[in-house]
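Engineer: Can you keep this structure in mind? I'll have questions shortly.
The values are calculated or read from the model by the stated rules, or taken from the named source; none is laboratory data. It should be emphasised that the depicted structure is a prediction, and the values quoted were computed from it without experimental measurement. Neighbour counts run over all protein chains shown; Cβ positions are idealised from the backbone, glycine included.
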Amino acid sequence: MERISTGIEGLDEAIGGFPVGRTIVVTGNAGAGKTILCLQYVYACCAAGLKTVYMASEEEPVDLVEQGSSFGWDLQGFIDDGTLSFMDMATLDEIEVEMAMIISYEAKKGNFVGLLEDLPEGTKAVVVDSLGSYTANLTIHEFKDQFGLLIHGLKQRGITTLVIIDSATSKEFNDMALFWAHGAISLQKRDNPYTGKRERAMDLIKMRNTKTPTELLTYDIGENGLVISH
Ligand SMILES: Nc1ncnc2c1ncn2[C@@H]1O[C@H](COP(=O)(O)OP(=O)(O)OP(=O)(O)O)[C@@H](O)[C@H]1O
Ligand SMILES: [Mg+2]
């Protein structure tokens, strides 16, 4: 299976990169590093010349570009040359988002699939940060259908996608997404029983067709973004 870089050296070593055309779910509590992981992936994709889209519903694109700059990633340069685009869902207020969802739900029988139609021609990498914002008003059955259609549509288009599901999303939706996705990564903090210190750890919950380490990968967030420490 063809792979692309995750943007994180130690993670590439551990799993050989993300499988092309597949959808990987990224979960984790607030501040775990989900957005930084996505920005790092996006930067690597752009650097490899892949047309990339970041769907941002939690933070405004200017803030995301600035967060990238703090790690030395020139995302603005990729926006300017047309490699990267942000779809800004953050500046819509809640009522507008709900209205947009109702309208698109009626029109397209599902707003996740509507997301696909908004992607520029030739898109090869997508980040959805986060999907939780699109799940309001959906029953678990509707969510299952729409999520299934979304990952199927992405696969058909050969788009390798990271979907963030944050801890504000209900467990039921979270479990459903983990079940349907090709891969799942959870970012967490834990107490190391040997050192007595808090540390960040990445759990590679699943990655189909991939030899995946069972132990947690510890990581730091430093001046170069996420770095696997062991
Ligand atoms: N320049 C930096 N250098 C080192 N660590 C940083 C830097 N910028 C952010 N961090 C750390 O990364 C954490 C935030 O990561 P990120 O925004 O990716 O979290 P998240 O999982 O997306 O959270 P949320 O669920 O709130 O969106 C911060 O809480 C901070 O600890
Ligand atoms: Mg975030």
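Engineer: Against the definition (assigned to a strand (DSSP E or B), farther than 23 Å from Ser229 by Cβ and more than 16 Å from ligand 1 (Cβ to nearest atom)), how does Met87 come out, yes or no?
Structural biologist: The answer is yes for Met87.
Engineer: I'm trying to understand the selection: among the residues of the stretch 198-214, which are under 19 Å from Gly183 (Cα atoms), out of contact with any His (no Cβ under 6 Å at 6 or more places or on another chain) and either at pLDDT below 95 or not acidic (Asp, Glu) (or both)?
Structural biologist: The answer is Ala201, Met202, Leu204, Ile205, Lys206, Met207, Asn209, Thr210, Lys211, Thr212, Pro213, Thr214.
Engineer: While we're looking at this one, here's another question. Within the stretch 163-172, can one find any residue that is modelled with pLDDT of 95 or more, within 12 Å of ligand 1 (Cβ to nearest atom) and not aliphatic (A, V, I, L, M)?
Structural biologist: Scanning the stretch 163-172, I find no residue that is modelled with pLDDT of 95 or more, within 12 Å of ligand 1 (Cβ to nearest atom) and not aliphatic (A, V, I, L, M), so the answer is no.
Engineer: Taking the residues in the stretch 144-168 that are part of a loop (DSSP other than H, G, I, E, B) and farther than 14 Å from Tyr134 by Cβ as candidates, determine which candidate is nearest to ligand 2 (Cβ to nearest atom).
Structural biologist: Among those residues, the one meeting the criterion is Ser167.
Engineer: Right, here's the next one. Asp93 fails exactly one of the following numbered conditions: (1) within 20 Å of Tyr54 (Cα to Cα); (2) modelled with pLDDT of 90 or more; (3) of a type outside the set (Gly, Ala, Ser). What is the number of that condition?
Structural biologist: Tallying (1) within 20 Å of Tyr54 (Cα to Cα); (2) modelled with pLDDT of 90 or more; (3) of a type outside the set (Gly, Ala, Ser), Asp93 fails exactly one: (2).
Engineer: Same structure again: Condition first: crowded, with 16+ Cβ neighbours inside 10 Å and within 16 Å of ligand 2 (Cβ to nearest atom). Now tell me which residues in the stretch 181-218 satisfy that.
Structural biologist: Ile185, Ser186, Leu187, Arg200, Met202
Engineer: Here's a follow-up. Regarding the stretch 67-75, can at least one residue be identified that is part of a helix (DSSP H, G or I), within 14 Å of ligand 1 (Cβ to nearest atom) and surrounded by fewer than 20 Cβ atoms within 10 Å (Cβ to Cβ)?
Structural biologist: So far as the stretch 67-75 goes, yes, one or more of its residues are part of a helix (DSSP H, G or I), within 14 Å of ligand 1 (Cβ to nearest atom) and surrounded by fewer than 20 Cβ atoms within 10 Å (Cβ to Cβ).
Engineer: Would you mention how many residues in the stretch 17-47 are more than 23 Å from Gly222 (Cα to Cα) and either near ligand 1 (Cβ under 9 Å from one of its atoms) or outside any strand (DSSP E or B) (or both)?
Structural biologist: Total meeting the criteria: 3.
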